[in-house]
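Okay, so here's the structure we're looking at.
The values are calculated or read from the model by the stated rules, or taken from the named source; none is laboratory data. All values reported here derive from a predicted model rather than from experimental measurement. Neighbour counts are summed over all protein chains in view; Cβ atoms, including those assigned to glycine, are modelled from backbone coordinates with ideal geometry. The accessibility values were calculated without ligands, DNA or RNA, using every heavy atom of the protein model including side chains. Shrake-Rupley method; radii C 1.70, N 1.55, O 1.52, S 1.80 Å.
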Amino acid sequence: MKFSVKLVLWTMILMAFALGLSGFYFVNYVFETSLEREIGQALDENSILRFAFETAALNVPVKYGVLPNGTVEQIASNLETSGQDVRRLLRLSDEEKNTLYVSDGFDADSGLLEDAGENTRAYRVVLSGGKYYIQTRSRVSALDRRLYLETMKDVSGVFSERAMGYSVYRRITILMLALGVVIMLFIAAWLTKPIRLLTRATREMAAGDYGYRAKKVSGDELGDLTLDFNKMAGVLQENIQKLEEEIKAREDFVGAFAHELKTPLTSIIGYADMLRSRKLDEEKSFLSANYIYTEGKRLETMSLRLLDILVTKRGQAQLRRVSAESLFAYLQDTFMPFGCAQPQKDGRSGFSDDGQGYQFVYSYDRDSVFVDSDLIKTVLINLLDNACKASQPGGLVEVMGKRVRDGYRFAVRDYGVGIPKTEQARITEAFYMVDKSRSRSRNGAGLGLALCAEILSLHQSGLEIESEPGRGSCIGFVIPAGKEDTHEKADH
């Protein structure tokens, strides 16, 4: 059952109960008021008749010592017909409660008379001949006799009015309920409109339309619920997009990894088969073995990089205060001032045969940073290695460190081939290489910057890339000062 139908149904049930209860109370109140008025009039009329009877009895001649029964009947007959418009119904009984006079139509039993006690007046409501009467009883003192006077007053009209009141109120109640149903249907439709819109939005999203939003049509709690639902839908859409991007990135990763494995393995298998199945001269054997060795080293490097990325994603950085000077000294020792040449065919770094190296310029502020020293060294080595690969032999590579407002900034600048704008957003993806042929010729696998991005994420930082094709690149990152302060307080 729909909520709007439930709302209308329960509203009508409560409305019917309220109208029925109030109608019963109102009609019954009017009835009891009218009945009490009639009872009062009946008692007053009985008192008047009693007084009239006693007065008439006083006019009886004194010669009678006892009021005779015939005189009682005569007085009673006169009282019965003395009314101007209505014939009275009365009954007179003697001391023994035997009937002395009774009007035609007085059909009440003697129950009220039998209960006569010291009270001079009493009444009850009786049903006789399909009509309702108020039966009254009073004690009459006439000369030396004590008689009982009973009257009956027709009050069927009061009961008829009650029945008519119930009937009219039932019709009014039914009419009001019918009108209430129509009105409540419109009200329920208006009140539940935000719910219907939310239901539609839910179904649209369940069908795959994650960009669908519910329209806000009210300013109450349901309107707030609509806003909260739309916010939730927005977050859900963002999360789904992230999941889709992550799934696509994983598929691309698997495809790139398979491709990177297939190329060197095909060559290794081919050269190994040639060495195994043919007798080659010394030079060809050396070239084949050297190619197998070079491709094997590239696979080894790629495997180690992948392992580093996996370990970094699952690990935590051990941050300590380290002097920036020690990091730059390590780089100088590793790449050798003005002497880090492009990699040789055997995969090792050293001077090229023509003696040309890369010109390194180091400039930095002597300060300290909170970092994991080994991980940051890995980042800097990868950045310098990429700078060398992007530069021609003899090219200039600048390594910089500077205190900035937000922390300490490291940067490596080269004046090599540069990176197109369209490629800059993807260079941190695993196996992604801007110039694949150039990277492979220098034993590149497209994993260095991906590893750097993972390491910097542990330091609450990220790569900042400035590059222009043909004019070189500047890749840097900032170690946040706030992070350092936090760890410094922890050390103290």
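Answer yes if at least one residue in the stretch 82-89 is open to solvent by 30 Å² or more (accessible area, probe 1.4 Å), closer than 16 Å to GLU54 by Cβ, assigned to a loop (DSSP other than H, G, I, E, B) and touching a residue at least 40 places away in the same chain (Cβ under 8 Å), and no otherwise.
No, there is no match, as no residue in the stretch 82-89 is open to solvent by 30 Å² or more (accessible area, probe 1.4 Å), closer than 16 Å to GLU54 by Cβ, assigned to a loop (DSSP other than H, G, I, E, B) and touching a residue at least 40 places away in the same chain (Cβ under 8 Å).
Sort out which residues of the stretch 386-430 are more than 20 Å from LEU451 (Cα to Cα) and among the hydroxyl-bearing types (Ser, Thr, Tyr), and write them in order of number.
Of everything in the stretch 386-430, those that are more than 20 Å from LEU451 (Cα to Cα) and among the hydroxyl-bearing types (Ser, Thr, Tyr) turn out to be SER391, TYR408, TYR415, THR422.
Being touching a residue at least 24 places away in the same chain (Cβ under 8 Å), surrounded by 12 or more Cβ atoms within 10 Å (Cβ to Cβ), out of contact with any Phe, Trp or Tyr (no Cβ under 6 Å at 6 or more places or on another chain) and not in a strand (DSSP E or B) is the requirement here; does LEU149 meet it?
Values: touching a residue at least 24 places away in the same chain (Cβ under 8 Å): yes; surrounded by 12 or more Cβ atoms within 10 Å (Cβ to Cβ): yes; out of contact with any Phe, Trp or Tyr (no Cβ under 6 Å at 6 or more places or on another chain): yes; not in a strand (DSSP E or B): no.
So LEU149 does not fit the description; no.
Consider the stretch 354-404. How many of its residues are buried (at least 20 other Cβ atoms within 10 Å of the Cβ), more than 54 Å from the chain's Cα centre (by Cα) and hydrophobic (A, V, I, L, M, F, W, C)?
3
Only one of LEU43, LEU35, LEU14 is aliphatic (A, V, I, L, M), at pLDDT 85 or above and touching a Ser or Thr at 6+ places or on another chain (Cβ under 6 Å). Can you tell me which?
LEU43 is the lone residue from the list that is aliphatic (A, V, I, L, M), at pLDDT 85 or above and touching a Ser or Thr at 6+ places or on another chain (Cβ under 6 Å).
Tally the residues that are without any contact (Cβ under 8 Å) to a residue 12 or more places away in the chain and not in a helix (DSSP H, G or I), restricting the search to the stretch 152-172.
0
Residue check: is ALA142 open to solvent by less than 30 Å² (accessible area, probe 1.4 Å) and at pLDDT below 85?
yes
Report every pair of residues separated by at least 6 positions or lying on different chains whose Cβ atoms are under 7 Å apart, first residue within the stretch 189-207 and in contact (Cβ under 8 Å) with a residue 12 or more places away in the chain and open to solvent by 70 Å² or more (accessible area, probe 1.4 Å), second of a type in the set (Phe, Trp, Tyr) and not in a helix (DSSP H, G or I).
Listed by first residue and then by second, the contacts come to nothing, as the list is empty.
When you scan the stretch 319-378 for strands (runs of 3 or more DSSP E) that lie fully inside it, which ones turn up with 1 or more residues that are more than 20 Å from GLU398 (Cβ to Cβ), among the aliphatic types (A, V, I, L, M) and at pLDDT 75 or above? Step through it out loud before you land on a result.
Details: elements: 320-323, 359-364, 368-371.
Hits in the stretch 319-378: 320-323, 368-371.
If I filter the stretch 49-63 for residues that are within 30 Å of ARG196 (Cβ to Cβ), not in a helix (DSSP H, G or I) and not basic (Lys, Arg), do I get at least one hit? Break it down into steps so the answer makes sense when it comes.
Initially, the stretch 49-63 is screened for residues within 30 Å of ARG196 (Cβ to Cβ), giving none.
No, the stretch 49-63 contains no residue that is within 30 Å of ARG196 (Cβ to Cβ), not in a helix (DSSP H, G or I) and not basic (Lys, Arg).
Specify which of the listed residues (LEU225, LEU175, LEU179) is in contact with a Pro (Cβ under 9 Å, 6 or more places away or on another chain), more than 30 Å from PHE53 (Cβ to Cβ), part of a helix (DSSP H, G or I) and open to solvent by 60 Å² or more (accessible area, probe 1.4 Å).
It is LEU225.
Name the residues in the stretch 18-40 that are over 48 Å from the mean Cα position of the chain (by Cα), within 26 Å of ILE174 (Cβ to Cβ) and touching a residue at least 12 places away in the same chain (Cβ under 8 Å), would you?
Passing the criteria: VAL27, ASN28, VAL30, PHE31, SER34.
Looking only at the stretch 453-479, which residues are open to solvent by less than 50 Å² (accessible area, probe 1.4 Å), under 16 Å from TYR408 (Cα atoms) and polar (S, T, N, Q)?
Within the stretch 453-479, just SER461 meets the criteria.
Can you say whether VAL126 is more than 13 Å from ASN46 (Cβ to Cβ) and not in a loop (DSSP other than H, G, I, E, B), as far as the supplied structure shows?
It is true that VAL126 is more than 13 Å from ASN46 (Cβ to Cβ) and not in a loop (DSSP other than H, G, I, E, B).
So if I check each of ILE419, ILE465, ILE455, which one is in contact with a Leu (Cβ under 7 Å, 6 or more places away or on another chain) and modelled with pLDDT of 70 or more?
Values: ILE419 fails: in contact with a Leu (Cβ under 7 Å, 6 or more places away or on another chain); ILE465 fails: in contact with a Leu (Cβ under 7 Å, 6 or more places away or on another chain).
Of the residues listed, the single one that is in contact with a Leu (Cβ under 7 Å, 6 or more places away or on another chain) and modelled with pLDDT of 70 or more is ILE455.
Check the stretch 156-163 and report whether any residue there is within 60 Å of the chain's Cα centre (by Cα), open to solvent by less than 20 Å² (accessible area, probe 1.4 Å) and modelled with pLDDT of 90 or more.
yes
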